[in-house]
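Student: Quick one: structure below, then a few questions.
The values are calculated or read from the model by the stated rules, or taken from the named source; none is laboratory data. This is a predicted model, so every value here is computed, not measured. Please note: Cβ atoms are built from the backbone with ideal geometry, for glycine as well, and neighbour counts cover all protein chains shown. Calculation scope for accessible area: heavy atoms of the full protein, side chains included, ligands and nucleic acids excluded. Shrake-Rupley method; radii C 1.70, N 1.55, O 1.52, S 1.80 Å.
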Amino acid sequence: MEDHPQPQNEEAVNFLIALGKEAGLESEVIEVHPGRPVAILSWKGSDPSLPSVLLSNHYDVVPVQKDKWKCDPWAAEKDGEGNIFGRGTQDMKSVGIQYIYALKRLKTEGYQPLRTIYIVCVPDEEIGGKLGMSLFVQSPTFKKMNVGVSLDEGLASPDDSFKVYYGERIEATAEGAAGHGSRFIEGTATQKLMGLVDQMMKFREEQFEKYQRDQHSCGTQLGDVISVTLTSLNAGVTRTPEGKDMEKGSISVNVIPTVAKAGFDLRIPPTENLERFMNMIRGWAQERGCTIDLLSGDFKNGRTDIGEDAKWWKVLKNSMQSINLKVDPQIFPAGTDSRFFRNMNIPAFGFSPINHTPVLLHDHNEYLNEKVFLKGIDVYTRLIRDLSSEQC
Ligand SMILES: [Zn+2]
């Protein structure tokens, strides 16, 4: 993901704080990095010694390609069917506001939570959370919050079910490289590298086939398979055989490069043994005279327990079922801030109360229907009540 164009973080935080105050919530802003404020809205529980409930949301969004939108992506225009168009309507300004309105309703109803409830609004999720959630979870403020369970974003669901994500695939990038020491034509760097690229693409094909084949029979989702995307290929010499620099941007076609490199974007589900996977691809590289290294990637990939005895999963599932919602637990196909909690062994569920809606996050003409948005406040009201009143 590219860098944000200059995001108006302060304005976003001020807006959220004002909404929170209106709802009767306590508020605090901490700067985890200069220009990267985190807004915290809270409601103290009657037993603040119990682990708290954290409702997480990111207030940043991805950029837009304005000419691909049928209306101004920043104006929140509503059409005749009640569809509200705007960047962030699904991902995930809607959710942040729904949290606040659900708490406002609970306050109006005279409810008193047993556990303290926090709404945490962070920047930078869309660029990996390095200056957002990743720093926040290391702060003394976060430690003091003693979080027992967290909710964060999920995805829209086109049918009537609500997807709940209990894990996600990690994003990793790997670079394969090959070199050769002689001027003999046999076994050039590019040749060796192409062997590795072919093997990686064959693996990609197998994973894709598995996804397609098992989608209907076993309910396999995109989040359950490993995806591999070839993102870069690099080889070629920019000097002539006489050692002169070529014209800018030109590559010599009659000089054999001594090094060739390929970049891969990998998405690996938490059900996969990462070490085993890396050993496998390192083996492929070795057989072909190449090396492959992990450039980035977190080898920690926690999963939230959704077994029969998993307390918070039971509370969440029962709560949703009590209002006749169909719950469908899944692995998130990409990355979210929930991974920071899971890697600290804090149960984290990715859930956006958006059903009967096409998945349009990061897409042109992202929208959310007003009825779905309002229903989402009802859903959160119930869910937050049940989570924050959980006794043990
Ligand atoms: Zn998001």
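Student: Return one number: the angle in degrees, 0 to 90 and rounded to the nearest 10, between the long axis of the Cα atoms of helix 9-22 and the longest principal axis of the Cα atoms of the chain.
Tutor: Long axis of 9-22 versus the principal axis of the chain: about 20 degrees.
Student: How long is the gain from Met344 to Glu247 if the chain were fully straight, where each residue apart is worth 0.36 nm and the alpha carbon distance is subtracted? Show your work: numbers first, answer last.
Tutor: Values: separation 97, 0.36 × 97 = 34.92 nm, distance 5.22 nm.
The span from Met344 to Glu247 would gain 29.7 nm if fully extended.
Student: Given R₀ = 35 Å, FRET efficiency for Leu374-Glu31 by Cβ-Cβ distance, to 0.05? List each step's numbers first, then the result.
Tutor: Details: r = 34 Å, r/R0 = 0.96.
My answer for the efficiency is 0.55.
Student: Give a quick list of trypsin sites (Lys or Arg not before Pro) in segment 224-293 that DSSP marks as loop, anything other than H, G, I, E or B, with at most 11 other Cβ atoms within 10 Å. Intermediate values should be presented prior to the final figure.
Tutor: Working: sites: Arg239, Lys244, Lys248, Lys261, Arg267, Arg276, Arg282, Arg288; in loops: Lys244, Lys248, Arg288.
Hits after loop and neighbour filter: Lys244, Lys248.
Student: I've got another one for you. Calculate what fraction, in whole %, of the accessible area of segment 209-256 sits on carbon and sulfur atoms when a 1.4 Å probe is rolled over the protein chains. Intermediate values should be presented prior to the final figure.
Tutor: Working: 1690 of 3500 Å².
Looking at segment 209-256 in its full context, I get 48 percent from C and S.
Student: Separate question: Can you compute the FRET efficiency between Asp293 and Ser322 using 1/(1 + (r/R0)^6), with r the Cβ-Cβ distance and R0 = 56 Å? Round to the nearest 0.05. Could you put the intermediate results ahead of the total?
Tutor: Numbers: r = 50 Å, r/R0 = 0.89.
So, using R0 = 56 Å, E works out to roughly 0.65.
Student: Where the accessible area of segment 9-67 is counted over protein heavy atoms with a 1.4 Å probe, how much of it, in %, is carbon and sulfur? Intermediate values should be presented prior to the final figure.
Tutor: Numbers: 1360 of 2760 Å².
Carbon with sulfur: 49 percent of the solvent-accessible area.
Student: Could you estimate the translational diffusion coefficient of segment 319-382 from the Stokes-Einstein equation, with Rh from the Kirkwood formula over C-alpha pairs, at 37 °C and 0.692 mPa s, in whole µm²/s?
Tutor: Details: Rh = 13.8 Å.
Result for D is 237 µm²/s.
Student: So, one more: Considering only protein heavy atoms, what per residue accessible area in square angstrom results for segment 170-296 with a 1.4 angstrom probe? Let's see the in-between values first.
Tutor: Values: 7670 Å² over 127 residues.
Result: 60 Å² of accessible area for each residue.
Student: What FRET efficiency, computed as 1/(1 + (r/R0)^6) with R0 = 56 Å and r the Cβ-Cβ distance, is obtained for Glu77 and Thr240, rounded to the nearest 0.05? Write out the running numbers ahead of the final one.
Tutor: Numbers: r = 57 Å, r/R0 = 1.02.
After rounding to 0.05, the efficiency reads 0.45.
Student: Among bridges DSSP assigns within the chain, what percent are antiparallel (round to 5)? Spell out each step's value before the answer.
Tutor: Details: 43 of 63 bridges.
Approximately 70 percent, going by the DSSP bridge assignments.
Student: What order, most packed first, do the peptides 9-15, 361-367 have when packing is the mean number of other Cβ atoms within 10 Å of each residue? Walk me through the intermediate numbers first.
Tutor: On the way: 9-15: 16.6, 361-367: 18.7.
Packing order, densest peptide first, comes out as 361-367, 9-15.
Student: How high is the relative contact order of segment 170-296? Use alpha-carbon pairs under 8 Å, at least six apart in sequence, and give a whole percent. If you can, show how the numbers build up before the last one.
Tutor: Working: 208 pairs, mean separation 54.9, N = 127.
Relative contact order here is 43 percent.
Student: Length gain on complete extension for the stretch Asp305 to Asp160, per 0.36 nm per residue less the alpha carbon to alpha carbon distance? Could the numbers behind the result be given before it?
Tutor: On the way: separation 145, 0.36 × 145 = 52.20 nm, distance 2.42 nm.
Gain on extension, Asp305 to Asp160, equals 49.8 nm.
Student: Output wanted: per-residue J couplings in Hz (rounded whole) for segment 267-276, from phi through Karplus 6.51 cos²θ - 1.76 cosθ + 1.60, θ = phi - 60°, x for Gly and Pro.
Tutor: 10, 10, x, x, 6, 8, 7, 5, 4, 5
Student: Further question on the same structure: Would you grab the residues whose amide H sits under 5 Å from the one on Asn83? Only those 5+ places off in sequence or on another chain, please, with H modelled 1.01 Å from N.
Tutor: HN-HN under 5 Å from Asn83: Glu370.
Student: Please give the length that would be gained between Gln8 and Thr220 if that part of the chain were fully extended, namely 0.36 nm times their separation in residues minus their C-alpha to C-alpha distance (nm, one decimal). Write out the running numbers ahead of the final one.
Tutor: Numbers: separation 212, 0.36 × 212 = 76.32 nm, distance 3.95 nm.
That works out to 72.4 nm of additional length.
Student: Shifting gears a bit: Can you give me the long-range amide H partners of Glu153? Hydrogens built in the peptide plane at 1.01 Å from N, cutoff under 5 Å, separation of 5 or more residues or another chain.
Tutor: Residues meeting the criterion, in which the H sits 1.01 Å from N, are Phe351.
Student: Name the long-range amide H neighbours of Val237: under 5 Å, sequence gap of 5 or more, or other chain; modelled H, no Pro or chain starts.
Tutor: Excluding prolines and chain starts, which carry no amide H, the hits are Ser252.
Student: Give or take rounding to whole Å, what are the principal axis extents of the alpha carbon atoms in segment 170-296, in descending order?
Tutor: Taking max minus min along each principal axis of the Cα atoms, segment 170-296 gives 61, 29, 25 Å.
Student: What angle do you read, to the nearest 10 degrees and between 0 and 90, between the alpha-carbon axis of helix 311-322 and the longest principal axis of the chain?
Tutor: The two axes meet at around 60 degrees.
Student: May I pose another question? Determine which lysines satisfy two conditions relative to Lys66: a Cα distance under 21 Å, and not lying fewer than 8 residues away in the same chain.
Tutor: Answer for Lys66, where 21 Å is the Cα cut-off: Lys78, Lys93, listed by chain and number.
Student: What percent does the relative contact order of the chain come to when contacts are Cα pairs within less than 8 Å and at least six residues apart? If you can, show how the numbers build up before the last one.
Tutor: On the way: 799 pairs, mean separation 101.4, N = 392.
About 26 percent, as a whole number.
Student: Counting only Cα, what are the radius of gyration and maximum Cα-Cα distance Dmax of segment 245-369, in Å?
Tutor: Calculated on Cα positions, Rg and Dmax stand at 22.2, 71 Å.
Student: Out of Ile117, Ile354, Ile292, any idea which swings most in a Gaussian network model of the chain, alpha carbons joined below 10 Å?
Tutor: Ile292
Student: Sticking with this structure for a sec: In segment 259-392, what percent of the accessible surface is made up of carbon and sulfur (1.4 Å probe, ligands and nucleic acids excluded)? Intermediate results must be reported in sequence, preceding the final value.
Tutor: Details: 2930 of 6230 Å².
So the carbon and sulfur contribution to the accessible surface is 47 percent.
Student: Next question. So for the chain, considering every pair of alpha-carbon atoms, how many percent are separated by more than 30 Å? Working shown, then result.
Tutor: Numbers: 36542 of 76636 pairs.
Value for the chain: 48 percent of Cα pairs lie more than 30 Å apart.
Student: For helix 93-108, report the angle its Cα long axis makes with the longest principal axis of the Cα atoms of the chain; keep it between 0 and 90° and round to the nearest 10°.
Tutor: In the chain, helix 93-108 runs at an angle near 20 degrees to the longest axis.
Student: Check each of the GluC sites (Glu not before Pro) in segment 57-130 and keep only those in coil by DSSP with at most 14 other C-beta atoms within 10 angstrom; list them in order. Write out the running numbers ahead of the final one.
Tutor: On the way: sites: Glu77, Glu81, Glu109, Glu125, Glu126; in loops: Glu81, Glu109.
Sparse-neighbourhood loop GluC sites (Glu not before Pro): Glu81, Glu109.
Student: Rounded to the nearest whole Å², what accessible area per residue is found for segment 26-70 with the 1.4 Å probe? Could you put the intermediate results ahead of the total?
Tutor: Numbers: 2130 Å² over 45 residues.
For segment 26-70, the solvent-accessible area averages 47 Å² per residue.
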